[in-house]
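Written below as structure tokens is the structure these notes are about.
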Amino acid sequence: GKRKAKQCFLWRGVLRMHRNMCEQLVSELGVHHSQHRLLMNLAKRSMAPSQKDIAEDFGVSPAAVAVTIKKLENGGYIARTSFKGDMRQNRIEITPKGRELVEKSHSIFHAVDERMFSDFDESELSLLFKLS
């Protein structure tokens, strides 16, 4: 009843605070939220996707992705390569600079986790993760 609703409300607040802390620290790396999401997506792929693939993953139009891709390319975080010699079909690859930013992001996420949950013991953490 009311107790469960209150717990859910509190947990959502904790998650929101966690997300806000991560976003604030990641923004200090110099990329916009949408650019960061795209880099994180590229870093975990085994094959470089096309712009169309990325648009489908994010549920947006290829034109909307084009702006983000252009900014990341200008920053040296990604590179376009032609697919099997077809210049009309590009693959989007993350560069070493992009991978470095992703690694910094993971360090940030880990530091935020450590800071937010350092006072919890193992059983409390286990309960929290069961609730999420």
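Okay, here's what the table says:
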| item | result |
| --- | --- |
| Length-normalised contact order of the chain in % [C-alpha pairs under 8 Å, at least 6 apart] | 24 percent |
| Surface per residue (accessible, 1.4 Å probe) for segment 1-117, Å² | 67 Å² |
| Accessible area of the chain belonging to carbon and sulfur atoms, whole % at 1.4 Å probe | 55 percent |
| His106 - accessible surface, heavy atoms, 1.4 Å probe, Å² rounded to 10 | 100 Å² |
| Computed helical MRE - 222 nm, the chain, DSSP H runs ≥ 4 contributing -39500 (n - 2.57), nearest 500 | -22500 deg cm²/dmol |
| Relative contact order (%) - criterion: Cα under 8 Å, at least six apart; region: segment 1-76 | 21 percent |
| Most to least accessible of Cys8, Cys22 (protein chains only, probe 1.4 Å) | Cys8, Cys22 |
| Solvent-accessible area of Ser118 with every protein chain in place, 1.4 Å probe, in Å² to the nearest 10 | 80 Å² |
| Angle in degrees between helix 96-117 and the longest Cα principal axis of the chain, rounded to the nearest 10 | 10 degrees |
| Linear extension gain, Ser61 paired with Lys130, 0.36 nm per residue minus alpha-carbon span | 21.2 nm |
| Cβ-Cβ FRET estimate between Gln7 and Lys84, R0 fixed at 41 Å, reported to 0.05 | 0.15 |
| Order of exposure, largest accessible area first, which applies to Arg45, Arg19, Arg99 with probe 1.4 Å | Arg19, Arg99, Arg45 |
| Inverse of mean 1/r across different Cα pairs in segment 93-132, Kirkwood, Å | 12.0 Å |
| Accessible area, probe 1.4 Å, largest first, for residues Met17, Met47, Met40 | Met47, Met17, Met40 |
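The values are calculated or read from the model by the stated rules, or taken from the named source; none is laboratory data. The structure displayed is predicted, hence computed values, not measured ones. Every residue, glycine among them, receives a Cβ derived from its backbone with ideal geometry; neighbour counts consider all protein chains shown. Accessible surface is based on the protein model in full, side chains and every heavy atom, while ligands, DNA and RNA are left aside. Shrake-Rupley method; radii C 1.70, N 1.55, O 1.52, S 1.80 Å.
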